[in-house]
Amino acid sequence: MAATDATAIPVKNQAYRVTFPILDADGDLVTGATGLDSEVSKDAGTFADATSEATEIATTSGMYYLDLTATEMNADTVAIIVKTTSSGAKTTPIVLYPRDTGDIKVQLEPITHTSAVIPTVSTLTGHTAQTGDAFARLGAPAGASVSADVAAVKVDTAAILVDTGTTLDARLPTELEGGRMKAFVGAIGADVVTAAAIADGAIDRAAFAADTGLRTIRSGTAQTGSAGSITLDTGASAVDDFYKHAWIYLTGGTGAGQVRRILGYTGSNKIVCVNANWLVTPDAATTFAIFGLGSVYTDWIGANAIDSSTFNSGAIEAAALATDAVAKIADQVWDEILSGHLGAGSTGLALNSAVAAGDPWSTALPGAYGAGTAGKIVGDNINAPIATVDAVVDAIKAKTDNLPSDPADQSLIIAATDAITSAVAGVQADTDALQAQFNGMTEDDGGVRRFTANALEQAPGGAGGNPNLLLDTTIATAPSQVSFTLTAGPSDNDGLANQAVVFYDASSGAAPSVRLCTDYVASSKTITIDSAPDFTVIAGDGIKFFVTAPGTTAPTTGQISQAVWDEFANTKVHVDDPTGDITRFRLDGTTPRGRVRPSEVNGTTHGWIPQ
């Protein structure tokens with residue numbers, strides 16, 4: 001099969017070349033289509049792979065041809081579909097109706113006649129058969145022939161050409177191609193092809209050859225737009241930043257005529273971000289074209305065409321410099337000859353003067369430097385006094401050499417420690433005796449040491465009664481745990497106010513709870529105390545009142561205990577201690593080591609004992 005198989009009309013059972021385009025959704029030609037798959041169906045049969053495969057014409061033209069074999073053309077209807085895997089490309093359908101060999105294409109006008117009857121003629125008689133060039137012609141002169149008529153027409157035609165000054169042969173093509181007449185540029189008159197003569201969209205980007213540089217990277221109709229972006233058609237590239245740094249030109253529709261540089265592109269959603277907001281925001285009616293970056297060659301740039309005014313401020317960023325640009329610039333600076341950079345106040349002049357001055361460390365001090373210079377000051381104030389400083393240091397060393405290597409006598413410290421230990425042992429004995437007395441006067445109430453009822457009630461040396469006891473009665477009612485009515489009581493108001501009161505749990509024998517009576521109403525025998533007792537008081541529980549010194553409040557067992565220990569700490573232990581340290585003692589027969597620790601009784605802290 002070859003190009004010669006492409007005829008104007010396909011012929012049945014004869015090889016045939018069909019030519020067709022592959023288009024995308026916008027009607028643009030798809031160049032370089034990939035994954036081509038051509039299938040053929042004969043007379044509505046099942047599609048099957050074609051013997052040959054579609055081939056693109058020339059280079060990236062978007063036009064393709066498919067060669068069909070005689071077998072594939074042996075049908076009254078040949079249906080063809082050409083599929084491709086190129087993104088955005090559409091499947092191309094083609095339907096052929098091959099004619100049978102020997103068929104002559106004619107167009108007949110229909111002849112109709114009402115109630116006409118065409119008789120059957122079995123034998124034609126009375127006429128002479130017409131053969132050769134002697135056919136009888138209706139309306140023709142007698143004796144003339146068809147060939148004579150043709151010759152007469154040719155003579156008349158030639159006369160017409162002479163009369164009109166034209167030569168028809170020069171206007172006719174020398175050959176027909178594919179049943180069509182060729183048109184040569186030379187045959188077209190001047191000013192025949194104008195902008196008005198070319199239909200809109202007749203010349204698209206695919207019409208330009210790839211090597212002309214006139215093709216766009218992408219063109220189409222936008223899906224939508226925003227202030228600083230535009231969404232390309234669905235067939236645009238799916239690769240991120242595929243169009244980055246290119247230029248996009250709005251060719252038509254909303255916002256037409258605007259040009260922006262592409263800063264970024266997202267292939268998944270086809271969104272192009274531009275370098276500046278649109279003056280008119282594009283929309284779905286906007287058409288666009290994307291052009292690649294232009295190249296600039298150094299041969300095109302004239303002498304001194306580029307200077308500092310050519311570039312905007314900040315136009316060249318650090319990222320635009322070559323990776324070794326900084327090192328090369330630094331090398332050039334340090335390799336520069338100083339003689340060309342000796343202007344007043346310049347770094348080059350300072351460096352040059354420093355080199356000319358020579359090595360300062362080789363200059364004698366202080367005579368070589370003038371008054372007020374650093375060399376003069378250093379020479380006068382350091383050079384001469386160094387010898388004096390050295391003599392003083394030697395004298396100090398001589399005295400320190402006489403000091404003993406271990407001036408502190410450890411035996412003195414041990415003797416002082418033994419004396420302290422002996423004094424502490426005496427204090428420990430006194431403390432043990434005081435602990436025994438305290439334990440006899442108190443009892444453990446949930447971890448708190450409280451004086452026993454016997455200790456509170458018994459007279460110091462009496463035999464049964466306590467002269468400090470004002471009232472011994474019971475609780476009549478308990479409206480709350482800070483207000484109670486008594487079974488008996490004095491008749492004068494506040495007769496029990498500011499006196500110590502002790503509550504007794506009659507049912508469980510709980511330890512007594514000591515509180516202060518703050519108010520007493522004689523008419524109702526109602527007392528008020530400073531805070532709730534340590535147990536819940538109910539009717540029938542015992543209550544006793546004791547005399548409290550005027551101007552004081554009844555002490556709690558904790559206050560009494562603390563007072564005892566404060567007395568012990570302040571008056572019972574006196575040990576000379578030049579350091580002023582204090583030591584903790586436990587009243588359990590042990591002597592802990594250390595300083596500044598609280599004293600303890602049965603694990604309860606009671607105060608600090610100065611040593």
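The values are calculated or read from the model by the stated rules, or taken from the named source; none is laboratory data. Remember, predicted model here, so these are calculated numbers, not experimental data. Note that each Cβ is placed from the backbone with ideal geometry, even for glycine, and that neighbours are counted across all protein chains shown.
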Of the candidates PRO360, PRO385, the one satisfying the condition of being surrounded by 10 or more Cβ atoms within 10 Å (Cβ to Cβ), at pLDDT below 80 and within 59 Å of the chain's Cα centre (by Cα) is PRO360
Report whether or not ALA284 is modelled with pLDDT of 75 or more, at negative phi and part of a helix (DSSP H, G or I).
no
Might you check whether a residue that is in a loop (DSSP other than H, G, I, E, B), closer than 28 Å to ALA202 by Cα and of a type in the set (Gly, Ala, Ser) occurs anywhere in region 69-83?
no
Quick check, is ASN498 surrounded by fewer than 16 Cβ atoms within 10 Å (Cβ to Cβ), modelled with pLDDT of 55 or more and part of a loop (DSSP other than H, G, I, E, B)?
no
Members of region 227-276 that are in a loop (DSSP other than H, G, I, E, B), of a type in the set (A, V, I, L, M) and within 25 Å of SER86 (Cα to Cα):
LEU232, ALA236, ALA238, VAL239, ALA246
